[in-house]
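**Student:** The structure that follows is given in the form of C-alpha cells.
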Amino acid sequence: MFGFFKKSAKKDSPAEQKDSAVDAQDLNTATTQVPQDPESGQRKDAVDHDAPTEVAPAGLSDEQIEPPTDVASPGDSPPESAPQGESPVAPVAHDASTEVPPVPAPVAPAPKLSWRDRLKAGLNRTRLNLAGMFGLRKIDEELLEDIESTLLMADCGIEATTHLIGALRTRWKRDGLETADQLREALVEELTAILAPLEATLDVTTHKPFIIMVAGINGSGKTTSIGKLAKWYQGQGKKVLLAAGDTFRAAAREQLMTWGERNGVDVIAQESGDPAAVVFDAVNAAKARGIDVVLADTAGRLPTQSHLMDEIAKVRRVITKVDPTAPHEVLLVLDANIGQNALAQVKSFDAAVKVTGLVITKLDGTAKGGILAAIARQCPKPLRFIGVGEGIDDLRPFQAREFVDALFAKSESQKPRA
C-alpha cells in the first residue's frame with residue numbers, strides 16, 4: 001500500500017505531464033476518444049490525476065488546449081476579452097414548458113345591434129319558418145296550406161289565420177299572382193293591415209302627474225318593464241316617480257328600488273302593507289313634487305283567481321279617490337311566450353281594471369310573435385310598447401310595419417348576390 005503512495009508521489013517527466021494535461025483536457029470536453037501517448041503512439045490506459053489542469057504545460061499553445069465552449073461551468077468568470085460593461089452569456093437550453101406565452105391583443109367589444117336587428121333576432125323562430133316557404137315556386141293550394149300551418153304554429157290563432165289565408169287566396173285570383181314571392185308581399189301587406197290599429201303612441205302630456213297603473217301576472221316582466229319605462233320617459237325629459245305597490249311578491253319592492261337607483265328615480269315604498277295605500281302615497285307625493293309620470297306597480301295576479309283580481313280593482317278605486325281622472329293609463333304586461341293564454345289574460349284583466357294598453361315582453365328569440373295578430377282580431381287593445389331583451393333600452397313603442405318587416409326580413413344567406 002505504502003509503495004503505491006510513493007509511486008504516485010514521484011515527479012512526472014515533461015512528456016508525462018504533457019500527456020496528463022491532454023487527458024485532463026479530454027475529460028473536461030466530455031469526449032469519448034481514448035488519449036494516445038505522443039511519443040509511442042500507443043493508447044494510454046490510465047490517466048494521471050496529479051497532472052495540473054488549470055495551467056497549460058510548457059510546449060503546448062493555447063490553441064491546442066482550448067477550454068470547452070458548449071457548456072459553461074457554474075462560477076466561471078467572464079473572459080478578459082469581453083467588452084467593457086458586458087458579460088458573455090452562456091447558452092442556456094430552452095425549455096418549451098417555461099416559455100411565457102405571448103399576451104393576446106385586447107378584443108374590441110362587439111358593436112351593439114340596432115333596434116331593427118334586435119327585433120329581427122327576437123322574431124327569428126317564426127321568421128325562419130316563413131322564409132323557407134317562399135321563393136320562385138308556383139302558387140298553389142299546397143303553398144297556402146303550408147302558410148296556414150306556419151301561422152297557426154306562430155300563435156296567430158284560428159281567427160287571424162283564417163282571415164289572412166282568405167285574403168291571400170282572394171289576391172291570388174284577383175291580381176293574377178304567380179310566384180310565392182309575390183304571395184309573400186301580399187301577406188306582408190295583409191298582416192300590417194291587421195296590426196296597424198294596435199299602433200297608438202301613449203301621450204303622457206294630457207295630465208300632470210300622468211298616472212300609469214301597471215298590471216300583469218308574476219313572471220310576465222312587469223316590474224322590469226316599469227324600470228325600462230322609467231328610463232324611456234326620462235329620455236323624453238319627464239320627471240318620473242315609481243310606486244312599489246307589489247307588496248305580496250317576495251323581493252318585488254327591492255327589485256323596483258334597484259331600478260330606481262339605476263335610473264336615479266325616487267321610489268315610494270313600504271316594508272309591508274296595503275298596495276292601495278302605497279299607490280295613494282305615491283300619487284300625493286307626485287303632486288307635491290311636480291312629477292310628470294307616476295308608474296305604479298301592482299301585485300301580480302292570476303286571472304283565474306277572482307278574489308286576487310279584486311285587490312287590483314281596489315288599487316284603481318283608491319287612485320280615483322286621489323285624482324278623479326286617474327288612472328290615466330292601465331298597462332297590462334304580457335309574456336310573448338305564453339301563446340293563446342295571452343288572450344285570456346287580456347279579457348280577465350280588462351274586466352277587473354279596464355285595460356287601456358298593452359306591453360308585450362320577451363320577444364327574445366323563443367317567442368313566435370303571432371300572438372299580436374290574435375290579439376288584434378279578438379280583443380284589440382293599443383299595443384304601447386314591445387320588449388326584445390333584458391337591456392334597459394330594449395323596450396320601444398310598437399310600430400306595425402317595423403314589426404312585420406322584421407318578421408319577414410331575409411337573412412344574409414337568402415339575399416341574392418350582386
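**Student:** Report the local net charge at Asp297: Lys and Arg +1, Asp and Glu -1, summed over other residues whose C-beta lies under 10 Å from its C-beta.
**Tutor:** That sum, taken over residues with Cβ under 10 Å, equals +2.
**Student:** Give me the one-decimal nm value for the distance between modelled label points at Gln182 and Asn341, 7 Å along each residue's Cα-to-Cβ direction.
**Tutor:** Each label point lies 7 Å from its Cα, and together they span 4.4 nm.
**Student:** While we're on this one: On a 28 Å Cα-Cα criterion, which of the cross-link pairs Lys239/Lys354; Lys208/Lys368; Lys120/Lys239; Lys120/Lys231; Lys222/Lys314 come out too long?
**Tutor:** Correct reply: Lys208/Lys368; Lys120/Lys239.
**Student:** Using a 7 Å offset from the Cα along the Cα-to-Cβ direction at both Gln234 and Ala285, what is the distance between the two label points in nm, to one decimal?
**Tutor:** For Gln234 paired with Ala285, the spin-label model returns 1.6 nm.
**Student:** In the neighborhood of Thr150, defined by Cβ-to-Cβ distances under 14 Å, what is the net charge if each Lys or Arg adds +1 and each Asp or Glu adds -1?
**Tutor:** Working: positive: Arg125, Arg127, Arg184, Lys368; negative: Glu142, Glu145, Asp146, Glu148, Asp155.
Local charge sum for Thr150: -1.
**Student:** Follow-up question, since we're still on this one. Highest first, please rank the peptides 254-265, 132-143 by the mean number of other Cβ atoms sitting within 10 Å of their residues.
**Tutor:** Numbers: 254-265: 17.1, 132-143: 13.2.
Order by mean packing, descending: 254-265, 132-143.
**Student:** Assuming R0 = 22 Å, what is the FRET efficiency of Ile392 and Gln270, from their Cβ-Cβ distance, to the nearest 0.05?
**Tutor:** 0.30
**Student:** Now a separate question. Ranked highest first by average number of other Cβ atoms within 10 Å, how do 209-216, 287-294, 324-331 line up?
**Tutor:** Values: 209-216: 25.8, 287-294: 17.1, 324-331: 19.6.
Put in order of decreasing packing, that is 209-216, 324-331, 287-294.
**Student:** Tally Lys/Arg at +1 and Asp/Glu at -1 over every other residue whose Cβ is under 15 Å from the Cβ of Leu343; what's the total?
**Tutor:** Here the count lands on 0.
**Student:** Once fully extended, how much extra length lies between Asp405 and Glu159, figured as 0.36 nm per residue of separation less the alpha-carbon to alpha-carbon distance?
**Tutor:** 86.4 nm
**Student:** Give me the accessible area per residue for segment 240-348, probe 1.4 Å, as a whole number in Å². Before the final figure, lay out each step's value.
**Tutor:** Details: 4540 Å² over 109 residues.
Averaged over the residues of segment 240-348, the accessible area is 42 Å².
The values are calculated or read from the model by the stated rules, or taken from the named source; none is laboratory data. Since the model is a prediction, treat every value here as computed from it, not as a measurement. Quick reminder, even Gly has a Cβ in these numbers, built from the backbone with ideal geometry, and neighbours come from all protein chains shown. Accessible surface is based on the protein model in full, side chains and every heavy atom, while ligands, DNA and RNA are left aside. Shrake-Rupley method; radii C 1.70, N 1.55, O 1.52, S 1.80 Å.
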